[in-house]
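First the structure, in the form of structure tokens, and then the observations on it.
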Amino acid sequence: MAMLKLLIIEDDPDQRDLMRETLEDHFGKGCVTAVGTYREAMGLDAASYDLILCDYNLPDGSGMDVLEEYVKHCSTPVLMVTGENVGPIAAEAVRRGASDYVVKLGEYLFTIPLVVEKNLTLAKIKRENESLRRELERALAEVRDKNAQLQQSLRRVEELAATDPLTGLYNRRHFSQLLEQLFAESQRYDNDLSCVMIDLDGYKQLNDTYGHQVGDQLLVLAGKVILANMRRMDVAARYGGDEFVLLLPHAGDGEASGVAQRIREEFRVSSAALLKRDKGVTMSAGVASRLTPRPTHADQLVAMADSALYKAKDAGRDCTSVCSGQTAKA
């Protein structure tokens, strides 16, 4: 075990020697370093000592100045040892960082070892508490990091559970949840809500001709084109196979038809480039809105849009049909 290191700063040589002798008798020979001036004290590394005993009055300064300088640079406990038995001075010393205050009265030398032991114990407890505090902060930081990672993972899991892995659009299950929510809001505030059903024309034949890999590429392209023509508030999902569905809050069937038209035109051009041919793949679309045919529940709105889609198919495909009976070619 390393020897205890104590520092005495005392201008009276007799008192200095008595204190040294008392402390070395108690803690062991050679454990005490003693100086008599402020200048000598400032030349020592306070952090290298376990405890410092400092007189209040020094020939070239004040014990308060020593205390203030030491407290700035290290955590070594400092005991103020003085003949000044004045309450305000003791209070000021403690305020400036002194661990304790010892008055040179009577048999004070007999009590100094006990005061030193007490303050060494308190300093040890303080260091251990500080170490525990740092460990706790590190542990809490790790918990926060782990929690952030967990939250990110949960968001990713929720995202994966809600999206179609091929197109990146919502899947049908998650779409059904959003449909109920948006339909209820539309009814509550009497706002319009349009549904668009989109289907690729002749997709099975394309799959048979070009293969499933190209077929998947067409579905991915369809998802990208749909997303590029949506507002932030809109919802798009892969409804199944080569069929897609859109929900457009606060949009009537006219605005929804315009969106469907843009998607169909852009997909025709992009799919021609993908297939490296002059003619691209066409789409058929069906549109229904809540305020026009007034469906009574959410599924009915989707059914109306789906019915309009079949009318577009029956009309020769490559067109958009609105639930009211209107049909628009590209």
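The values are calculated or read from the model by the stated rules, or taken from the named source; none is laboratory data. Computed from a predicted model, the values in this text were never measured in an experiment. Counting neighbours? That spans all protein chains shown, and the Cβs are built from the backbone with ideal geometry, glycine included. For the accessible areas, the whole protein counts, side chains as well, though only heavy atoms, and no ligand, DNA or RNA atoms are used. Shrake-Rupley method; radii C 1.70, N 1.55, O 1.52, S 1.80 Å.
I need the P(r) histogram for the chain: all alpha carbon pairs, bin width 20 Å from 0 out to the longest distance, whole percents.
25, 24, 8, 15, 24, 4
For the chain, modelled as a GNM with alpha-carbon contacts under 10 angstrom, which of Asp45, Asp55, Asp314 fluctuates the most?
Highest fluctuation among the options: Asp45.
Based on C-alpha coordinates, I'd like the Rg and Dmax of the stretch 6-70, in Å.
Rg then Dmax for the stretch 6-70, in Å: 11.2, 30.
Rolling a 1.4 angstrom probe over the protein heavy atoms, how many square angstrom per residue are accessible across the stretch 113-260?
Dividing the accessible area of the stretch 113-260 by its residue count gives 59 Å².
Calculate one ³J(HN,Hα) per residue across the stretch 50-65 by plugging θ = phi - 60° into the Karplus curve 6.51 cos²θ - 1.76 cosθ + 1.60, and present them in order as whole Hz with x for glycine and proline.
7, 7, 10, 10, 10, 6, 6, 9, 10, x, 10, x, 10, x, 5, 5
Which value in deg cm²/dmol, rounded to the nearest 500, describes the helix-derived mean residue ellipticity at 222 nm for the chain, given -39,500 (n - 2.57) per DSSP H run of n ≥ 4 and division by the residue count?
Numbers: 10 runs with 178 residues, N = 330.
Computed ellipticity for the chain at 222 nm equals -18000 deg cm²/dmol.
Would you mind classifying the stretch 107-148 by shape? Square roots of the alpha carbon gyration tensor eigenvalues, ordered a ≥ b ≥ c; an a/c under 1.5 is rounded, otherwise it is prolate if a/b is larger than b/c and oblate if not. Could you put the intermediate results ahead of the total?
Values: a/c = 10.84, a/b = 9.41, b/c = 1.15.
Prolate, since a/c reaches 1.5 and a/b exceeds b/c.
Quick one: which residues, 5 or more positions from Gly61 or on another chain, have an amide H under 5 Å from its amide H? H modelled 1.01 Å from N in the peptide plane, none for Pro or chain starts.
Tyr38
Under a point spin-label approximation (7 Å from Cα along Cα-to-Cβ), what is the Val94-Glu21 distance to one decimal in nm?
That separation, rounded to one decimal, is 3.2 nm.
Please turn the phi angles of the stretch 299-312 into ³J(HN,Hα) values with the Karplus equation 6.51 cos²θ - 1.76 cosθ + 1.60 (θ = phi - 60°), one per residue in order, whole Hz, x for glycine and proline.
Karplus values, whole Hz, x for Gly and Pro: 4, 5, 4, 5, 5, 5, 5, 5, 5, 5, 4, 5, 5, 5.
Given the options Ile263, Ile198, Ile89, state which has the largest fluctuation in a GNM of the chain using a 10 Å cut-off (strictly under) for Cα springs.
Highest fluctuation among the options: Ile89.
Take the Cα radius of gyration of the stretch 191-320 and divide it by 2.2 N^0.38 Å, with N its residue count; two decimals is plenty.
Rg over 2.2 N^0.38 Å, computed on Cα atoms: 1.03.
State the answer as a single residue: which of Leu247, Thr22, Ser257 lies farthest towards the positive end of the charge dipole of the chain, with beta carbon charges of +1 for Lys and Arg and -1 for Asp and Glu, about the Cα centre.
Of Leu247, Thr22, Ser257, it is Ser257.
Run the numbers on the chain and let me know its relative contact order in percent, using alpha-carbon pairs under 8 Å that are six or more apart. Write out the running numbers ahead of the final one.
Details: 514 pairs, mean separation 37.7, N = 330.
It rounds to 11 percent for the chain.
If the only charges are +1 at each Lys and Arg Cβ and -1 at each Asp and Glu Cβ, what is the size of the charge dipole of the chain around the Cα centre, to the nearest 20 debye?
Numbers: 40 positive and 50 negative charges, 501 e Å.
My answer is approximately 2400 debye.
Would you calculate the separation in nanometres between label points at Thr121 and Leu140, each defined as 7 Å from the Cα along the Cα-to-beta-carbon direction?
Rounded to a tenth, the inter-label distance reads 2.9 nm.
Quick one: Karplus J couplings for the stretch 183-195, per residue in order, coefficients 6.51, -1.76, 1.60, θ = phi - 60°, nearest Hz, x for Gly and Pro?
The phi angles translate into 5, 4, 5, 4, 5, 4, 9, 6, 9, 7, 8, 9, 10 Hz.
With the cut-off at 27 Å, tell me which of the pairs Lys276/Lys311; Lys5/Lys118; Lys72/Lys146; Lys126/Lys146; Lys124/Lys146; Lys204/Lys276 have Cα atoms farther apart than that. Don't jump to the answer; show the numbers that get you there.
Working: Lys276/Lys311 30 Å; Lys5/Lys118 15 Å; Lys72/Lys146 37 Å; Lys126/Lys146 30 Å; Lys124/Lys146 32 Å; Lys204/Lys276 19 Å.
Over 27 Å Cα-Cα: Lys276/Lys311; Lys72/Lys146; Lys126/Lys146; Lys124/Lys146.
Taking all pairs of distinct Cα atoms, average 1/r, flip it, and tell me the Kirkwood hydrodynamic radius of the stretch 95-185 in Å to one decimal place.
19.6 Å
Find, to one decimal place in angstroms, the Kirkwood hydrodynamic radius of the stretch 45-101, where the mean of 1/r is taken over every pair of different Cα atoms and then inverted. Please report the intermediate quantities before stating the final value.
On the way: mean 1/r = 0.0892 Å⁻¹.
Answer for the stretch 45-101: a Kirkwood hydrodynamic radius of 11.2 Å.
Within the chain, what whole-number % of the accessible surface is contributed by carbon and sulfur, with the 1.4 Å probe and all protein chains included in the calculation? Don't skip to the end; give the middle numbers.
Numbers: 9140 of 17790 Å².
Its accessible area is 51 percent carbon and sulfur atoms.
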